[in-house]
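Novice: Quick one: this structure, given as structure tokens, is what I'll be asking you about.
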Ligand SMILES: *Cc1c(COP(=O)(O)O)cnc(C)c1O
């Protein structure tokens, strides 16, 4: 049973049963006797979707009739996951659907696993967009998400002999029951060609872009259901299509492949999600993807605005556009083009409208991840936009000179053009200039944005940078992912906690209550048993649900420091072997995460984790004291199984490098204690849960900067730490890679001489803090108290709170 069951249960069950059977018969054309698991899933999804449609139409109508200010969320990524349970939960129909299917002899839980994850994102940034869509619908904001309908989402990861392999992901191969194709909603997207300049009667210049190539963007809409199904927004994803499906002349002459080249070239745009996470995807196709979805979205929202108001100059009054990172930053130039060239708005007014409409969210301080595009490529692909960017830049720099800014260093650092090694357009700068607000995603990150990437901009525009600490949707990450805990919450503090997360603080009163503690632990235990089964099915390792479950699940990246965790495991393993009689706390270390296909170091870290796991798990000396598992193919659905089962959440990035993190919030919400650095939102999590209920270690962001300035040669640090030296020696000597003893020599060497991520500097502090974790675990009363207080105190990290802040301070829409 779900935590929330509506009153008219029996009638709802009967109706849903009818609706599922109707869909099975008339949409899928199967009967109950022959339907496959997938048929049942699709029939169930369609029945759920039918229930959304009326509310969707009503919401759309209301948005028009009330002439509401609209919010558009532009994101190259939406990491959605599955939608069946999510939709049913938001509609309050999970329990009824479960019973309806049971009467048909079908198990909802099993059908749910048939649904492929919509993995249209790499990691945190894409998942944030999905959480925001959920919260915007729940808060009844008239919002629309815009992105790309990739044929293939993030690659599927398998692990063979410990190495990552990538395979194309195929979420659409059996159709997508959630989406509505809108073949009538299309826009032409131009590329290349040239710009014609003509004179208007009044002597002013007019510019007409004559693209050399045109591609068609076709809309596909997915409803995004808010809590209680009260409001439904649209996620509109664009698919690319050739203007002409094939060249008939070529086909008739027998060139069957050549006849399709244009189509192939056009459709390549929405073919695949770039598997780059915080590394620049410098490919031309990436820029084409960005412009493609931004242009389609801006044309679409302007069409809607004109239909509503008939007055282009009112665009900013009625519209807020949020840029999720720099990927849609070309929108600044595209909106200027549409306003000036197409709608005849005078330049100065167009610029005012543009700035008042856009806001930009920065997600990274890594210089290599801040997008830039070569000027030659821009000129080739988007010649009119390049002209517009030059003009924006000239006016911007002239304006600064007029204000008395003369320092050429400052002027060159805030220029839209980076003149350094080959001329490049700085997309972060373009997004900053074209927006009225720029936000970081945690308090620390926003301060660092002011001090680093946008330092000079911040001095010139001190009111522009604000903070909006990320959040996650509790509907998915608590109510759906953790039914045992949700039931307990409903019974203890009432179901209204699912309407208003701040009521979680009522749990504080139960933190020391022995009865509640044991029920809280029983819920965790149930989730751990489920994960133990999953682990055995997935990698064949048996783990004890009574052990401490320690999880680090996220993209594999050097700054996230999975290597620090692996080295600690190695040190622990060596301790267990050398001191067999010591009183160790049994642990299961759980890793999951994908590495960008081209990121060799990250892939080697995956191999190391797997190599260490093989040796440790097979060694009888470790008994059940240490088990290490690397679960393949990390995605939203796997996160939903791991997070509710975790006791300990590893958030151990090099301080100053994780913009916010959102995994950290999901874990704390589900009653895991965090071991982490003072990085990203960990800082704010500490403030909320209290120093006693989180394990903080390591250098601060400022100490990291100072330490790096002093040098990253780690030889002295290693020499001063016998445990670290021993662990590194074990790895370097091939203890974990007997088949290839030198496999990790280079890795250890790099760590020794160029420890950019300060793994060695933080190692002792990390190990000592892990022993404090062990000590707390031994005192189960104290552990449970801390776990309960984590759940009780993290309401603030609901994306509903985040979206309310965006709505009030950036978008100026009422919630
Ligand atoms: C939450 C989430 C992330 C982000 O995790 P971080 O630990 O913040 O990097 C990435 N991928 C998936 C599937 C997630 O659910």
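Novice: Go through the range 275-289 and give me each residue that's under 18 Å from residue 119 (Cα atoms), in contact (Cβ under 8 Å) with a residue 60 or more places away in the chain and either touching a helix residue (DSSP H, G or I) at 6+ places or on another chain (Cβ under 9 Å) or in a helix (DSSP H, G or I) (or both). Quick ask: steps written out before the conclusion?
Specialist: At the first step, the residues of the range 275-289 found to be under 18 Å from residue 119 (Cα atoms) are 275-278, 286, 289.
Imposing the further condition that a residue be in contact (Cβ under 8 Å) with a residue 60 or more places away in the chain reduces the set to 275-278, 289.
Within the range 275-289, 276, 277, 278, 289 meet the criteria.
Novice: For the range 613-637, how many residues meet the condition of being assigned to a helix (DSSP H, G or I), within 29 Å of the chain's Cα centre (by Cα) and within 24 Å of residue 732 (Cβ to Cβ)? Explain how you work it out, then say what you get.
Specialist: The initial filter retains those residues of the range 613-637 that are assigned to a helix (DSSP H, G or I), namely 613-618, 620-622, 636-637.
Subsequent filtering for residues that are within 29 Å of the chain's Cα centre (by Cα) retains 613, 636-637.
Narrowing further to those that are within 24 Å of residue 732 (Cβ to Cβ): 613.
Qualifying residue count for the region: 1.
Novice: Is it the case that the range 521-534 has a residue that's in contact with a strand residue (DSSP E or B) (Cβ under 9 Å, 6 or more places away or on another chain), within 16 Å of the ligand (Cβ to nearest atom) and within 18 Å of residue 163 (Cα to Cα)?
Specialist: For the range 521-534, residues in contact with a strand residue (DSSP E or B) (Cβ under 9 Å, 6 or more places away or on another chain), within 16 Å of the ligand (Cβ to nearest atom) and within 18 Å of residue 163 (Cα to Cα): absent.
Novice: Could you list all residues from the range 12-51 that are free of Cβ contacts under 8 Å to residues at least 60 places away in the same chain, surrounded by fewer than 20 Cβ atoms within 10 Å (Cβ to Cβ) and more than 16 Å from residue 102 (Cβ to Cβ)?
Specialist: Answer for the range 12-51, where residues must be free of Cβ contacts under 8 Å to residues at least 60 places away in the same chain, surrounded by fewer than 20 Cβ atoms within 10 Å (Cβ to Cβ) and more than 16 Å from residue 102 (Cβ to Cβ): 22, 25, 26, 27, 28, 29, 30, 31, 33, 34, 36, 50.
Novice: I'd like the residue in the range 303-329 that is under 19 Å from residue 239 (Cα atoms) and touching a residue at least 40 places away in the same chain (Cβ under 8 Å) and, out of all such residues, is nearest to the chain's Cα centre (by Cα). Talk me through it step by step, then tell me what you get.
Specialist: The initial filter retains those residues of the range 303-329 that are under 19 Å from residue 239 (Cα atoms), namely 303, 327-328.
With the extra rule that they be touching a residue at least 40 places away in the same chain (Cβ under 8 Å), the set shrinks to 327-328.
Numbers: 327: 14, 328: 16 Å.
So, considering only residues that are under 19 Å from residue 239 (Cα atoms) and touching a residue at least 40 places away in the same chain (Cβ under 8 Å), the one nearest to the chain's Cα centre (by Cα) is 327.
Novice: Suppose we filter 690, 698 for residues that are touching a helix residue (DSSP H, G or I) at 6+ places or on another chain (Cβ under 9 Å), modelled with pLDDT of 95 or more, on the phi > 0 side of the Ramachandran plot and crowded, with 20+ Cβ neighbours inside 10 Å; which single one remains?
Specialist: Numbers: 690 fails: crowded, with 20+ Cβ neighbours inside 10 Å.
The conditions single out 698.
Novice: Confirm whether residue 763 is part of a loop (DSSP other than H, G, I, E, B), touching a residue at least 40 places away in the same chain (Cβ under 8 Å), in contact with a helix residue (DSSP H, G or I) (Cβ under 6 Å, 6 or more places away or on another chain) and under 25 Å from residue 589 (Cβ atoms).
Specialist: Values: part of a loop (DSSP other than H, G, I, E, B): no; touching a residue at least 40 places away in the same chain (Cβ under 8 Å): yes; in contact with a helix residue (DSSP H, G or I) (Cβ under 6 Å, 6 or more places away or on another chain): yes; under 25 Å from residue 589 (Cβ atoms): yes.
Answer is no for this residue.
Novice: Another question about this same structure. Applying the selection to the range 424-437, what residues are part of a loop (DSSP other than H, G, I, E, B) and touching a strand residue (DSSP E or B) at 6+ places or on another chain (Cβ under 6 Å)?
Specialist: So the first thing to find is which residues in the range 424-437 are part of a loop (DSSP other than H, G, I, E, B), and the list is 434-436.
Of everything in the range 424-437, those that are part of a loop (DSSP other than H, G, I, E, B) and touching a strand residue (DSSP E or B) at 6+ places or on another chain (Cβ under 6 Å) turn out to be 434, 435.
Novice: Follow-up. Mind counting the residues in the range 87-121 that are within 14 Å of the ligand (Cβ to nearest atom) and buried (at least 23 other Cβ atoms within 10 Å of the Cβ)?
Specialist: 4
Novice: Answer yes or no as to whether residue 507 is crowded, with 19+ Cβ neighbours inside 10 Å and assigned to a helix (DSSP H, G or I). Reasoning before the result, please.
Specialist: Details: crowded, with 19+ Cβ neighbours inside 10 Å: yes; assigned to a helix (DSSP H, G or I): yes.
Yes: the conditions hold for residue 507.
Novice: Any residue in the range 70-84 that's touching a residue at least 40 places away in the same chain (Cβ under 8 Å) and farther than 19 Å from residue 232 by Cβ: show its pairings with residues that are part of a helix (DSSP H, G or I) and more than 16 Å from the ligand (Cβ to nearest atom) at Cβ separation under 8 Å, as long as the two are six or more apart or on different chains.
Specialist: Partner pairs satisfying both residue conditions: 74/293; 74/294; 74/297; 74/331; 76/289; 76/290; 76/293.
Novice: When the range 623-636 is examined, which residues are found to be near the ligand (Cβ under 10 Å from one of its atoms) and out of contact with any helix residue (DSSP H, G or I) (no Cβ under 9 Å at 6 or more places or on another chain)? Steps first, please.
Specialist: Residues of the range 623-636 that are near the ligand (Cβ under 10 Å from one of its atoms), as a first pass: 634-636.
Within the range 623-636, 635 is the sole residue that qualifies.
Novice: Here's something else I'd like to know. Tell me, please, whether a residue that is assigned to a helix (DSSP H, G or I), in contact (Cβ under 8 Å) with a residue 24 or more places away in the chain and in contact with a helix residue (DSSP H, G or I) (Cβ under 9 Å, 6 or more places away or on another chain) can be found in the range 595-603.
Specialist: Restricting attention to the range 595-603, the residues satisfying the condition of being assigned to a helix (DSSP H, G or I) are 600-603.
With in contact (Cβ under 8 Å) with a residue 24 or more places away in the chain added as a condition, the list becomes 601-603.
From the residues that got through so far, the ones that are in contact with a helix residue (DSSP H, G or I) (Cβ under 9 Å, 6 or more places away or on another chain) too are 601-602.
The answer is yes, given that some residue of the range 595-603 is assigned to a helix (DSSP H, G or I), in contact (Cβ under 8 Å) with a residue 24 or more places away in the chain and in contact with a helix residue (DSSP H, G or I) (Cβ under 9 Å, 6 or more places away or on another chain).
Novice: Within the range 669-684, can you find the residues that are within 14 Å of the ligand (Cβ to nearest atom) and either in contact with a strand residue (DSSP E or B) (Cβ under 6 Å, 6 or more places away or on another chain) or in a loop (DSSP other than H, G, I, E, B) (or both)?
Specialist: 670, 672, 674, 675, 676, 677, 679, 680, 681, 682
Novice: Within the range 122-153, count every residue that is in a loop (DSSP other than H, G, I, E, B), more than 17 Å from residue 293 (Cβ to Cβ) and within 16 Å of the ligand (Cβ to nearest atom).
Specialist: Pass one, the range 122-153, residues in a loop (DSSP other than H, G, I, E, B): 122-123, 139-142, 149-151, 153.
Subsequent filtering for residues that are more than 17 Å from residue 293 (Cβ to Cβ) retains 123, 139-142.
Then keep just the ones that are within 16 Å of the ligand (Cβ to nearest atom); that gives 123.
The number of residues fulfilling the criteria is 1.
Novice: Look through 191, 180 and report the one residue that is touching a strand residue (DSSP E or B) at 6+ places or on another chain (Cβ under 8 Å) and surrounded by 16 or more Cβ atoms within 10 Å (Cβ to Cβ). Break it down stepwise before answering.
Specialist: Numbers: 180 fails: surrounded by 16 or more Cβ atoms within 10 Å (Cβ to Cβ).
On inspection, the qualifying residue turns out to be 191.
Novice: Search the range 543-593 for residues being within 16 Å of the ligand (Cβ to nearest atom) and in a loop (DSSP other than H, G, I, E, B), and hand back the single one that is surrounded by the fewest Cβ atoms within 10 Å (Cβ to Cβ).
Specialist: 555
Novice: Next question. Kindly indicate whether residue 718 is more than 30 Å from residue 478 (Cβ to Cβ), more than 16 Å from the ligand (Cβ to nearest atom) and not in a helix (DSSP H, G or I).
Specialist: Numbers: more than 30 Å from residue 478 (Cβ to Cβ): yes; more than 16 Å from the ligand (Cβ to nearest atom): yes; not in a helix (DSSP H, G or I): no.
Judged against the criteria, residue 718 is not a match.
Novice: Looking at this structure, is residue 789 touching a helix residue (DSSP H, G or I) at 6+ places or on another chain (Cβ under 6 Å), over 30 Å from residue 606 (Cβ atoms) and in contact (Cβ under 8 Å) with a residue 12 or more places away in the chain?
Specialist: So residue 789 passes the test.
Novice: Sort out which residues of the range 637-658 are touching a residue at least 40 places away in the same chain (Cβ under 8 Å), in contact with a strand residue (DSSP E or B) (Cβ under 7 Å, 6 or more places away or on another chain) and near the ligand (Cβ under 10 Å from one of its atoms), and write them in order of number. Before the answer, list the steps.
Specialist: Step one: of the range 637-658, the residues touching a residue at least 40 places away in the same chain (Cβ under 8 Å) are 637-650, 652-658.
This time we only want the ones that are in contact with a strand residue (DSSP E or B) (Cβ under 7 Å, 6 or more places away or on another chain), so: 637-639, 642, 645-650, 652.
637, 638, 639, 642, 649, 650 - these are the residues of the range 637-658 that are touching a residue at least 40 places away in the same chain (Cβ under 8 Å), in contact with a strand residue (DSSP E or B) (Cβ under 7 Å, 6 or more places away or on another chain) and near the ligand (Cβ under 10 Å from one of its atoms).
The values are calculated or read from the model by the stated rules, or taken from the named source; none is laboratory data. All values derive from a computational prediction rather than experimental measurement. Cβ coordinates were reconstructed from backbone atoms using ideal geometry, including for glycine residues, and neighbour counts include every protein chain displayed.
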